[in-house]
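First up is the structure itself, then whatever we jot down about it.
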Amino acid sequence: MNDVTTLKDTAAAETFAEEVSTIVNHGAIAVMMSIGHRLGLFETLAGRAPSTSQEIAAEAGLAERYVREWLAAMVTGGMVRYDAVTARYHLPAEHAACLVRGAPYGNLAVFAQHVALLGQMQERALTLFETGEGTRYDDYPCFHQIMAEDSEQSVAAALIDSILPLAPDLEGRLREGIDVLDAGCGRGLALIELALAFPESRFVGMDLCEDAIAFARLTARNSGLANVTFEVRDLTGYCEPDRFDLIASFDAVHDQKDPAALVRGLRKSLKPGGVYLMQDIGGSARLENNLDFPMASLLYAVSCLHCTPVSLGQGGLGLGTMWGWETAEATLRDAGFGSVERHVLPHDPLNVWFVSRV
Ligand SMILES: C[S@@+](CC[C@H](N)C(=O)[O-])C[C@H]1O[C@@H](n2cnc3c(N)ncnc32)[C@H](O)[C@@H]1O
């Protein structure tokens, strides 16, 4: 152990210790936020007059003792206000604006679920570090639910107004009727959004995970869609020459077994004039460039405990979440696309978008 008496700058050490305490405290707030989101407690509080813990628990149909303790964590975390005289709790409208489903600033409580899920992986992670082995998607409870909530906000909600205009010809072609693949579609909400908007086009979603595809099929059926199908399919080695006019992948390339091989196969699966629309994480391949990247620590943590091990678990390269836009762009160029454009959208600073043409 280091001899603390050799410390040159004790003030700096004390300041750093305070920062570490804050980090640990914020981690606990994030886990409590995640639980509040899952239980619908922020929705219960939003728009409600200051209320007692009994009233809030009764409204939510939950056990008061637990709700009261959760509220205490939210009050000390600065999320909920507390009036000690009346023993009432209140969620200000300005806070609800980023904490409830459909919130105008996006629901940031959705992201807190990643922190809770990381915690659930701790025991497994200890073994992974020792053995270097990988994981399977099934090892992560709720992964597809969290991912779908995440991409519903950042992708599905912005598809028509912000994302499709990145390739100006796409909307007209989709209106006329083209063949579209979503590679690694998860629960398929983005593809369903497109299928609803463009009834003349034909949509196929493919994903490795049966539970995600089952959810996608059910959602499509409940939406009355006849122009979208979903397949359970391992995209390792995928190639169906000249089948699609548009292929999209939303945050689904870096954690594949062999991203470069997948992108090559996707290019060959496009018809002449075809477009590949790829969203991936917008961080840099170089750690030193990511020091100020939004939520960089969360992204590296998700990389360490999810994206890297699921790739390794498929016998893959384990490039990680932060493989970097430079690697992504080089992968697209090496796959032989005639043109590759890179975009960052104002509503989504975490991600990068590539429009690549055959
Ligand atoms: C980060 S998730 C993104 C899911 C979805 N596109 C979204 O935005 O919600 C990555 C997806 O890639 C899928 N995937 C990973 N490896 C795959 C493989 N070898 N074949 C097919 N799908 C795969 C996973 O099952 C997962 O649904």
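Summary of values
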{"read-out": "The stretch 120-128 - phi-based ³J(HN,Hα) in whole Hz, Karplus 6.51/-1.76/1.60, Gly and Pro as x", "value": "5, 8, 4, 4, 5, 4, 4, 6, 4"}
{"read-out": "Fraction of beta bridges assigned by DSSP in the chain that are antiparallel (%, nearest 5)", "value": "45"}
{"read-out": "The stretch 121-357, accessible area per residue, ligands and nucleic acids excluded (1.4 Å, Å²)", "value": "43"}
{"read-out": "The stretch 210-221 - phi-based ³J(HN,Hα) in whole Hz, Karplus 6.51/-1.76/1.60, Gly and Pro as x", "value": "4, 5, 5, 5, 4, 5, 4, 4, 5, 5, 5, 5"}
{"read-out": "Under-5 Å amide H pairs with Lys271, H placed in peptide plane, nonlocal only", "value": "Arg243, Phe244, Asp245"}
{"read-out": "Amide H within-cut-off set for Arg88, under 5 Å, with H built and near neighbours excluded", "value": "Asp83"}
{"read-out": "Inter-probe distance in nm under a simple model that places probes 7 Å from Cα toward Cβ, at Thr86 and Asn227", "value": "5.3"}
{"read-out": "Percent accessible area from carbon and sulfur atoms, the chain, protein chains only, probe 1.4 Å", "value": "55"}
{"read-out": "The stretch 123-201: GluC sites (Glu not before Pro) in DSSP coil with no more than 16 other Cβ atoms inside 10 Å", "value": "Glu133, Glu200"}
{"read-out": "Centroid-to-centroid separation of the stretch 288-358 and the stretch 112-184 [C-alpha atoms, Å]", "value": "12"}
{"read-out": "Structure-based [θ]222 nm, the chain - -39500 (n - 2.57) summed over DSSP H runs of at least 4, per residue, nearest 500", "value": "-13000 deg cm²/dmol"}
{"read-out": "Neighbour cut-off at most 15 other Cβ (10 Å), DSSP loop, chymotrypsin sites (Phe, Trp or Tyr not before Pro), the stretch 167-260", "value": "none"}
{"read-out": "The stretch 72-143: trypsin sites (Lys or Arg not before Pro) falling in loop per DSSP and having at most 13 other Cβ within 10 Å", "value": "Arg136"}
{"read-out": "With Cα atoms, 0 to 90° folded angle of helix 10-39 axis to the chain main axis", "value": "70"}
{"read-out": "The stretch 37-119 - accessible surface per residue (Å², probe 1.4 Å)", "value": "50"}
{"read-out": "Efficiency of FRET from Cβ geometry, Cys239 and Ala63, R₀ 51 Å, rounded to 0.05", "value": "0.45"}
{"read-out": "Accessible-area order (highest first, 1.4 angstrom probe) of the listed residues Thr229, Thr44", "value": "Thr229, Thr44"}
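The values are calculated or read from the model by the stated rules, or taken from the named source; none is laboratory data. Just so it is clear, the model here is predicted, and its values are computed rather than measured. Cβ sites come from the backbone with ideal geometry, for glycine too, and all protein chains shown count toward neighbours. Heads up: the accessible areas ignore ligands, DNA and RNA and are worked out on the full protein's heavy atoms, side chains in. Shrake-Rupley method; radii C 1.70, N 1.55, O 1.52, S 1.80 Å.
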